[in-house]
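A quick write-up on the structure given underneath.
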Protein chains: 2
Amino acid sequence: MLWGFAVLMKTSLEAILERLEKSSALEEMQSVAESIRDHYGVSHLVYHWVSSNGEQYGCGTYSMEWVERYLEKEYLRVDPVIAGCYNKFHPVDWKQLDWSSKGARQFQKEAIEYGVGNQGYSIPIRGPNGQYALFTLSDDTSDADWAEFTEKNRRDLILLAHAMNEKALELEPGREGPPITSLSPREVEAITCLALGQSRAQAAQRLSISEHTLRVYIESARHKLGALNTTHAVARAMQRGIIVV
Amino acid sequence: MLWGFAVLMKTSLEAILERLEKSSALEEMQSVAESIRDHYGVSHLVYHWVSSNGEQYGCGTYSMEWVERYLEKEYLRVDPVIAGCYNKFHPVDWKQLDWSSKGARQFQKEAIEYGVGNQGYSIPIRGPNGQYALFTLSDDTSDADWAEFTEKNRRDLILLAHAMNEKALELEPGREGPPITSLSPREVEAITCLALGQSRAQAAQRLSISEHTLRVYIESARHKLGALNTTHAVARAMQRGIIVV
DNA sequence: TGGCCCCTCGCTATTTCTGGGGAGTTATAA
DNA sequence: TTATAACTCCCCAGAAATAGCGAGGGGCCA
């Protein structure tokens, strides 16, 4: 059973068409997910990622009912796994997360009802352009058994997450071909200053150029990035990893 | 022989003090790097990362002369390995990189002179807040041998890169402790709209509130984030993963 | 129940940014 | 060699953001 949730952020004809185009790759990942689940004998395996353009995809072994419920209720915004792993580098046990908020508890209760399992282990992976993926195993077992399981298979899971990710990358739009917009060194410096909260006057002083020149850089960078204003340009530059703050 | 290049971006008293504080951890990583090099019988192993605050660190087995040369000449800005891996997710063989630019060829020539080796394999890893690390092996050997070596040890190296990274994270400033500022749902929505390039008027319309109210959210978010202006607030919110664009 | 935070709305004046225009030098690339 | 692009400087007028003030209703928690 295949499911993609490319519709999370926007429901459009393009999203549906894209999804169809990608269905064969997703199906393949789907079947791999089932194999992994069976191999490790856990309840579920889910791979879920946010593409560089903000679209979300997923494949895994959750029941269709749970996926629909998740989407319908917009649990993405409450799910502590999503929020908790976002700032993590390395594998995270669900027990380490913060389930204290009201929404999170409600979510947890429902998840267990839908057979997700009380234990979970998620491996976050990140790429440029805001790509963010989660490789998750969940099961219904005791704390001790789960700890032993994750400890034992930790390395395998990291490698599996990597492999899954490599596959998912094939679905990424414009990975190669379309040249990534590149800013000139000065433009990068200018945008970086703005991202640090400096006004144009301050930034110009810092770069030892006139404010007019600085403005030219910003305008130029804005156009290259296809941004509507300075704030947008900074956001895009950060998202694409062009600047680091 | 330990080397840290925390001074790349700024040379300040704080940088030096920080470096001293971290020296024991760096030394440990240094010795691990040497062990790995010996185990795999390659010429060099280097682990190099950009911390979330933009400071750069490294440890590895390059000669002190080469490191100094690299820093002195600011090769960081020319090095195709840095630039080429920045947008990559997965292990990269140096042969796949673009060595065509004038600066790159000069750099390559010197690197070989300093004993870096003609072959290299780098594994990029990313985390939130712009963290970006490279785990690199280099050697002096034929294309065929190198291909066989990397193919064979690929999985090991991914795991080693992960482990190294975990160690490096201990040196990250403010990983825990300082409570992460949280924005209210409305504030998040407001900041998100701005990050998407909307003006305040547009954002207000989109959220179906008055522009004045929207402004209150933005001001509030700005203060919570300790930001100097809207652009800065958006940058910080993105950096901390509070908003996703 | 009192305190705290979230959500909503209003006004004014000042500062800053944005969007047009043009122009010269240098360096790298075709 | 001639483009092409990067870097630098300048003017102006209109649009937008910022800083400061204030006010009321609703919900959650101790």
Selection from the range B:38-54 of residues within 14 Å of another protein chain (Cβ to nearest Cβ) and over 18 Å from B:Cys85 (Cα atoms) yields B:Asn53
Check B:Arg236 against each of (1) more than 10 Å from DNA strand C (Cβ to nearest atom); (2) surrounded by 14 or more Cβ atoms within 10 Å (Cβ to Cβ); (3) closer than 23 Å to A:Tyr86 by Cβ; (4) more than 10 Å from chain A (Cβ to nearest Cβ) and name the one condition it does not meet.
-> (4)
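Give the residues of the range B:223-233 that are within 11 Å of DNA strand C (Cβ to nearest atom) and buried (at least 17 other Cβ atoms within 10 Å of the Cβ), sorted by residue number. Give the steps one after another, and end with the answer.
Initially, the range B:223-233 is screened for residues within 11 Å of DNA strand C (Cβ to nearest atom), giving B:223-224, B:228-232.
Scanning the range B:223-233 gives B:Lys224, B:Thr230, B:Thr231, B:His232.
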Among the residues of the range A:32-82, write down those that are surrounded by fewer than 18 Cβ atoms within 10 Å (Cβ to Cβ) and touching a Cys at 6+ places or on another chain (Cβ under 9 Å).
-> A:Val32
Those residues of the range B:234-245 which are closer than 11 Å to B:Ile191 by Cβ and part of a helix (DSSP H, G or I), in sequence order | B:Val234, B:Ala235, B:Arg236, B:Ala237, B:Met238
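Looking at the range A:222-233 only, could you name the residues that are under 19 Å from B:Met238 (Cα atoms), within 12 Å of DNA strand D (Cβ to nearest atom) and in a helix (DSSP H, G or I)?
Result: A:Thr230, A:Thr231, A:His232.
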By residue number, the members of the range B:182-214 that are more than 12 Å from DNA strand D (Cβ to nearest atom) and surrounded by fewer than 16 Cβ atoms within 10 Å (Cβ to Cβ) are B:Ser182, B:Pro185, B:Arg206, B:Ser208
Select from the range A:69-117 the residues that are touching a residue at least 60 places away in the same chain (Cβ under 8 Å) and within 11 Å of chain B (Cβ to nearest Cβ) and list them in ascending order.
-> A:Leu76, A:Pro91
For the range B:215-233, what are the residues that are more than 7 Å from every other protein chain (Cβ to nearest Cβ) and within 27 Å of the chain's Cα centre (by Cα)?
-> B:Arg222, B:Lys224, B:Leu225, B:Gly226, B:Ala233
May I ask you to say which residue of A:Ser199, A:Ser220, A:Ser208 is away from DNA strand C (no atom under 12 Å from the Cβ) and hydroxyl-bearing (Ser, Thr, Tyr)?
-> A:Ser208
Selection status of B:Thr181, at pLDDT 90 or above and either over 24 Å from B:Ala111 (Cα atoms) or assigned by TED's automatic domain parsing to the domain that holds B:Glu113 (or both) = no
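The values are calculated or read from the model by the stated rules, or taken from the named source; none is laboratory data. Everything numeric in this text was worked out from a predicted model, so none of it was measured. Positions of Cβ are backbone-derived with ideal geometry, glycine not excepted, and every protein chain shown enters the neighbour counts.
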